[in-house]
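Only one structure is covered here, and it is reproduced in the block below.
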Amino acid sequence: MDIVILLVVIAVVVIGALGGLVVGSRKRKQPPPPPPATPDITAPPAEPHVGDEAETPREEPRRTIEEVDLPDASGGVAVEERPAAPEIEIPEPTEGRLVRLRARLSRSQNALGKGLLTLLSREHLDDDTWEEIEDTLLTADVGVQPTQELVEGLRERVKVLGTRTPEELRGLLREELLKLVGTDMDRTVKTEPEASKPGIVMVVGVNGTGKTTTTGKLARVLVADGRTVVLGAADTFRAAAADQLQTWGERVGAYTVRGPEAGDPASVAFDAVKEGKEMGSDVVLIDTAGRLHTKTGLMDELGKVKRVVEKHAPLDEILLVLDATTGQNGLVQARVFAEVVDITGIVLTKLDGTAKGGIVIAVQRELGVPVKLVGLGEGADDLAPFEPEAFVDALIGE
């Protein structure tokens with residue numbers, strides 16, 4: 001019995017072993033997987049040819065140059081032209097400008113000159129007539145003290161003269177007005193450069209008086225006299241002030257130094273003087289900010305510009321620009337500016353039109369400095385050196 005069981009076990013073991021061998025043999029004889037399909041290979045694109053499309057070149061008929069049509073000029077592509085450089089203008093000579101403009105000036109000053117002549121021509125010059133003469137002078141912005149001096153001089157001369165012809169009256173009035181205007185004051189704009197520096201001129205004044213325009217016109221005056229000019233656009237707080245000044249400069253070949261909008265005016269002024277020295281220019285003109293004169297801080301800033309400029313060299317001129325039509329209000333402005341900077345000369349703009357000639361006398365008396373330039377119109381060359389004789393002749397007429 002035991003032998004039978006043993007034989008069964010051995011038979012089972014042998015059968016199991018034979019089964020494993022068969023399975024292993026089948027695994028080893030399994031065919032390999034099929035190879036992958038061959039990928040499609042795309043040829044690289046051909047090099048692009050000259051023309052609109054990259055394609056195989058083909059034979060095309062060639063044309064001679066005579067057969068090629070030129071584009072129509074009327075329908076061609078517009079070519080933007082470069083802006084031409086501004087043409088340099090030759091300013092009008094300054095000599096005799098005021099004489100040339102005498103007719104224009106005399107038309108606006110009839111109330112003063114001809115009004116006085118009419119009153120003085122009366123047969124009897126009583127107290128009422130002299131009061132009318134005083135009122136005429138005061139209305140013309142001559143000022144109280146100069147008016148009293150003129151009336152006293154006229155009364156004394158008329159009393160001695162006795163009978164008076166129109167020519168004698170005109171000569172009498174001319175002499176007395178010349179005394180008030182002053183013929184012995186130095187009205188030269190100091191721009192003569194020294195050996196090591198250009199002449200430095202600072203222009204000050206309230207906005208609206210024509211300050212920047214006057215600076216540009218003064219550049220023309222100097223160029224007309226044979227000077228080379230550098231402009232300093234130190235009015236950095238007024239929109240387009242630097243552009244305006246640069247335009248004036250370009251018209252006469254003057255170089256303009258400018259800074260960023262709302263930048264430091266003193267820095268621009270300093271750079272302008274530095275540039276003028278390096279370029280060897282004869283004159284540096286500095287246009288300053290001209291905001292409300294009643295703001296103390298802004299006036300202090302004007303004093304700062306002066307101090308910074310003088311680190312290079314002393315200022316030769318500080319010109320105050322006044323609007324002649326503002327009358328006595330202009331004198332208030334003049335006093336404030338004179339407290340901040342040492343005014344050396346006055347430029348009266350808008351002296352034609354509604355201006356009253358007496359402001360020349362009043363402002364000189366107020367500041368103790370001469371009127372050096374006058375503006376008599378809107379033209380580029382309507383800024384003229386002030387000539388007392390020509391001015392008085394314009395007041396009283398021919």
Only one of K159, K217 that is touching a residue at least 24 places away in the same chain (Cβ under 8 Å) and among the basic types (K, R) = K217
Output for Cβ contacts, cut-off 8 Å, separation at least six or different chains, first residue within 16 Å of L169 (Cα to Cα) in region 121-134, second part of a loop (DSSP other than H, G, I, E, B), reads S121/R164; T129/R122
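Checking the condition touching a helix residue (DSSP H, G or I) at 6+ places or on another chain (Cβ under 9 Å), at pLDDT 85 or above, surrounded by 14 or more Cβ atoms within 10 Å (Cβ to Cβ) and not acidic (D, E), which residue from L101, L172, L105 passes?
Numbers: L101 fails: at pLDDT 85 or above; L105 fails: at pLDDT 85 or above.
Criteria check complete, one pass: L172.
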Counting only residues in region 139-156 that are part of a helix (DSSP H, G or I) and touching a residue at least 24 places away in the same chain (Cβ under 8 Å), the one nearest to Q364 (Cα to Cα) is identified as P146
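Residues in region 241-255 that are open to solvent by 20 Å² or more (accessible area, probe 1.4 Å) and either more than 8 Å from the chain's Cα centre (by Cα) or farther than 12 Å from T213 by Cα (or both): how many?
4
Conditions (1) more than 23 Å from G357 (Cα to Cα); (2) open to solvent by 50 Å² or more (accessible area, probe 1.4 Å); (3) at pLDDT 90 or above; (4) more than 33 Å from the chain's Cα centre (by Cα), marked per residue:
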| position | (1), (2), (3), (4) |
| --- | --- |
| E149 | no, yes, yes, yes |
| K159 | yes, yes, no, yes |
| T165 | yes, yes, no, yes |
| V181 | no, no, yes, no |
| T191 | yes, no, no, no |
| S196 | yes, yes, no, no |
| T209 | no, no, no, no |
| G216 | yes, no, yes, no |
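Filter region 373-398 for residues that are of a type in the set (A, V, I, L, M), touching a Lys or Arg at 6+ places or on another chain (Cβ under 7 Å) and within 17 Å of G358 (Cβ to Cβ) and give the result. Break it down into steps so the answer makes sense when it comes.
Going residue by residue through region 373-398, those that are of a type in the set (A, V, I, L, M) are 373-374, 376, 380, 383-384, 390, 392, 394-396.
From the residues that got through so far, the ones that are touching a Lys or Arg at 6+ places or on another chain (Cβ under 7 Å) too are 376, 380, 383-384, 390, 392, 394, 396.
If the condition is that a residue be of a type in the set (A, V, I, L, M), touching a Lys or Arg at 6+ places or on another chain (Cβ under 7 Å) and within 17 Å of G358 (Cβ to Cβ), then L376, A390, V392, A394, I396 are the ones that fit.
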For region 293-398, which fully contained helices (runs of 4 or more DSSP H) count at least 2 residues that are out of contact with any Leu (no Cβ under 8 Å at 6 or more places or on another chain) and modelled with pLDDT under 85?
-> 296-309, 328-340
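The values are calculated or read from the model by the stated rules, or taken from the named source; none is laboratory data. The structure displayed is predicted, hence computed values, not measured ones. Ideal geometry is used to build each Cβ from the backbone, glycine not excepted, and the neighbour counts take in all protein chains shown. Side chains are part of the model used for accessible areas, which takes the heavy atoms of the whole protein and leaves out ligands, DNA and RNA. Shrake-Rupley method; radii C 1.70, N 1.55, O 1.52, S 1.80 Å.
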